[in-house]
Amino acid sequence: MAMTKSHRRRVTTVVRYVVLSVWALIAFFPIYWIISTSFKLDTQWFAWPPYYFPSPPTLANYMNVWFGAEEYAQTQYAISSQKPLISLYNSTVIAVTSTFLSVLFGSMIAYGVSRYRILSEARMFQLLMLRMIPPIVVVAPLSLYYTAIGLIDTRFGLILVYFLTTLPYAVWMTKSFIDEVPLEVEQAAEILGASRWRTVFEIVLPLVCSGLVATFLFILILTWSEYLLALIITKTQVTTLPIELSKYQGSTEGRVYGRQAALAVGITVPLMIVGLIIRKHLARGFSFGMVRR
Amino acid sequence: MTVAALSAAEAPPSTPTRVVSRRRAIRRFRLSLLAPLIALFAFVLMPVLLLQLYFSVHQWTVYLGSWWDADYVGLDLFKEVLTDPRFGWAVLRSLAFATGSTFGCFVFGFLLAYLMRKPFRGQALYYIIFILPMLTVPVVVAYTAEMMLYQSGPLNDLITRLSGIEFKPSWLANPDLALMTVGLLEIWNWTPFSFIIMLAGLTAIPKEPIEAAEILGASKWRIFWEVQVPLLRPVILLALVLRFLEAMAEFPKTWALFQGGPGSATETLPVYIFMTTWQYFEISKGAAMSYIVMLLMIVIVLFAIQLLRQEKRSLDKMYEQTDDKKVEA
């Protein structure tokens, strides 16, 4: 009896490792592929049979795409502009600013909801509609409205939309952290004569600091990788990295996989670092208070 | 119980004027917390929605001069959209895509979460690898797919080598496969989402009911279906609903990879609206289409929100009870 039980346990362990490892391969292979392609010479991008390892590995794609270094480009695939660096700057400014606004005002709203019920439970759920309605249904009027008020093709215009569309996540996620702060702290502050605003900014928000950082990074993931709104609102003056990457698609020179891969790796790596830092908080961000930890 | 109510009750007896001014101060404070949200609604969301309504009843394309004196056409545009077979196909494609990918994400996410619900050696590493696909930019996913899925590309080559059978579907060029290709990409991309939520749900459910069922001699199968699944219902619902809504809105991968083609095989709702508005420049038709889709989505979302609210309430009640028990013990 004991033998069969331990035997069965060993079988389930093996099955578990096999299933998990197969999925790990499926999950990781495309990521491996784009990383390895970014180190390949242009003759290996599209070769048959495919090169599973870059041999020899080269930095030419990175040097060419990110720094416009033409001496590293062996062929006609040279990209000589500094555009990706400018897009990197735009992406950083837009993502960081909109995320900051979203978390700042989101946490204030969340504080109000948690302590003063400024939004009813029904309103809190209605807030989610901002996120759940597909953005495609408003981009055309948004673009015309932005043209009319001069915000089209500006960083501020994109910041404003991202601020609006990520606010529901910011409110819900920061609220789940603020709810955990005991009321006694605020009562003590009030008795000691702190104003309401001081209580929020100098007592409650510092107490949930790590939660705010987690929320910030979580929303940064969303704003960093956004595509549709950026595609519509930015035209020529301001481009973000995902839009810059999509410009390499269907270019007349044909397939420039290595260059695309070098750009893609540069876009994705910051996102992965951020995501892995907050991996413990991801469930909270996505689940709107439905999952407790 | 709010701070205001609590401290008002505990505050030393004060004159009515002080109470009134305090109440006024609280109202002002509440309003100023809400101010940014109200401003965003008034200056961004409302004008956009009004413009969209305007365009859906006025015939205007970019070739027709200034948009503010376009012809009023009443509900003609809605009629045009609703009788457009392409629109109908787009609705069907979107629904099929969203249902299929949601189901796929859920099945794989649940399976992985179930296998990882108890700690084991290497768990942290698997967790990190499993969430990586979610942390890629959608456009990057599309281009990676293009680099891997062409007919003599690495994926087909790898499968041929491993299985020894010639495996050569053309994922990108075959109209019968294209929508499924995007669906598989969506599953690859977002299974981590279902996985994370289901894992959090599985580790959060109380152990007592399961142990009780084990003591009563229930089989693993029965424990799974009759104890764990009912306890997980809110989380399951959340994973399904959110994924479905996001999949209905999926645009970057579909567009970057296919632009609606081959033929019209991947012309989902977002793609069709995008093409109508930005390639055919039929702004008004696009607006009417958007309006219909928005109404459809609002109905779905309200239904989903109702479900989620109910589940959240029952969940809160359950946790309150277990918290009470912990306090008593």
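Read-outs: derived from the displayed coordinates by stated rules, not from any lab. What you see is a predicted model; the values in this text were computed from it and never measured. Neighbour counts run over all protein chains shown; Cβ positions are idealised from the backbone, glycine included.
Some points to look at:
- Among the listed pairs B:207/B:312; A:175/B:207; A:175/B:118; A:247/B:285; B:253/B:312; A:40/A:235, those beyond 22 Å (Cα-Cα): A:175/B:207; A:175/B:118; A:247/B:285; B:253/B:312; A:40/A:235
- With the alpha-carbon atoms of the protein assembly as shown aligned to their principal axes, the span from lowest to highest coordinate is 85, 84, 53 Å, starting with the largest.
- Kirkwood analysis of the Cα pair distances in region B:44-87 returns a hydrodynamic radius of 11.5 Å.
- On full extension, the segment bounded by residue A:179 and residue A:17 gains 54.5 nm, given 0.36 nm per residue less the C-alpha separation.
- Diffusion constant of region A:83-247 at 20 °C, which comes from Stokes-Einstein with the Kirkwood Cα-pair radius and 1.002 mPa s, µm²/s: 125
- Taking the Cα centre of the protein assembly as shown as reference, the dipole from Cβ charges on Lys and Arg (+1) and Asp and Glu (-1) amounts to some 1840 debye.
- Separation of alpha-carbon centers, region A:105-162 and region B:229-290, rounded to whole Å: 20
- DSSP-assigned coil residues among trypsin sites (Lys or Arg not before Pro) in region B:22-114, each with at most 11 further Cβ atoms within 10 Å: none
- Burial ordering of A:235, A:5, fewest other beta-carbon atoms within 10 Å first: A:5, A:235
- Near residue B:167: Cβ cut-off under 14 Å, other residues only, Lys/Arg at +1 and Asp/Glu at -1. The net charge is 0.
- Spatial extent of region B:16-159: Rg and Dmax, with the Cα atoms as the point set, Å: 26.7, 83
- Cβ neighbours within 10 Å from other chains - mean over B:146-154: 5
- Its alpha carbons give chain B an Rg and a Dmax of 26.5, 89 Å.
- Ranked packing of A:154-160, A:122-128, most packed first, by mean Cβ within 10 Å: A:154-160, A:122-128
- When +1 charges are put on Lys and Arg Cβ atoms and -1 charges on Asp and Glu Cβ atoms, the dipole computed for region A:83-247 relative to its Cα centre reaches about 460 debye.
- Taking every residue in A:116-123 and counting other chain Cβ atoms within 10 Å of its Cβ, the average works out to 4.
- Within the listed set A:146, A:111, A:169, the residue fluctuating most in the Gaussian network model of chain A (springs between alpha-carbon atoms under 10 angstrom) is A:146.
- Ranking of B:57, A:22, B:81 by count of other Cβ atoms within 10 Å, fewest first: A:22, B:57, B:81
- The 3J(HN,Hα) values that the Karplus relation (6.51, -1.76, 1.60; θ = phi - 60°) gives for region B:284-299 are, in residue order, 5, 4, x, 5, 4, 4, 4, 4, 4, 4, 4, 4, 4, 5, 4, 4 Hz. Gly and Pro appear as x.
- Karplus-derived 3J(HN,Hα), 6.51/-1.76/1.60, for each residue of region B:109-123, Hz, glycine and proline x: x, 5, 4, 5, 5, 5, 5, 10, 6, 10, x, 8, 5, x, 4
- Using R0 = 51 Å, the C-beta based FRET efficiency linking residue A:154 and residue B:118 works out to 0.50.
- If R0 is 45 Å, the Cβ-Cβ spacing of residue B:22 and residue A:126 corresponds to a FRET efficiency of close to 0.90.
- Using a Förster distance of 35 Å, the FRET efficiency for residue B:79-residue B:45 (Cβ separation, nearest 0.05): 0.80
- Computed lengthening from residue B:35 to residue B:92, 0.36 nm per intervening residue step minus Cα-Cα distance: 16.4 nm
- Computed label-point distance, nm, for sites residue B:103 and residue B:208 using a 7 Å Cα→Cβ extension: 3.8
- Chymotrypsin sites (Phe, Trp or Tyr not before Pro) lying in DSSP loop within region B:254-284, provided at most 16 other Cβ fall within 10 Å: B:280, B:281
- A cut-off of 5 Å between modelled amide H atoms, ignoring neighbours fewer than 5 places along the same chain, links residue B:58 with B:73.
- Listing A:223, B:99, B:17 from fewest to most neighbouring C-beta atoms within 10 Å gives B:17, B:99, A:223.
- Among the residues of B:34-45, the average count of other protein chain beta-carbon atoms within 10 Å of the residue beta-carbon is 5.
- Dividing the summed -39500 (n - 2.57) terms of all DSSP H runs of n ≥ 4 by the residue count of chain B sets its mean residue ellipticity at 222 nm at -24000 deg cm²/dmol.
- Residue of B:31, B:135, B:45 that the Gaussian network model of chain B assigns the largest fluctuation, springs spanning Cα pairs under 10 Å: B:31
- With the convex hull constructed from alpha-carbon coordinates only, chain A shows a mean projected area of 23.8 nm² over all directions.
- Under 5 Å, built H, 5+ apart or other chain: amide partners of residue A:118: A:113
- Distance in nm between pseudo-label sites at residue A:117 and residue A:197 (7 Å out along the Cβ direction from Cα): 2.7
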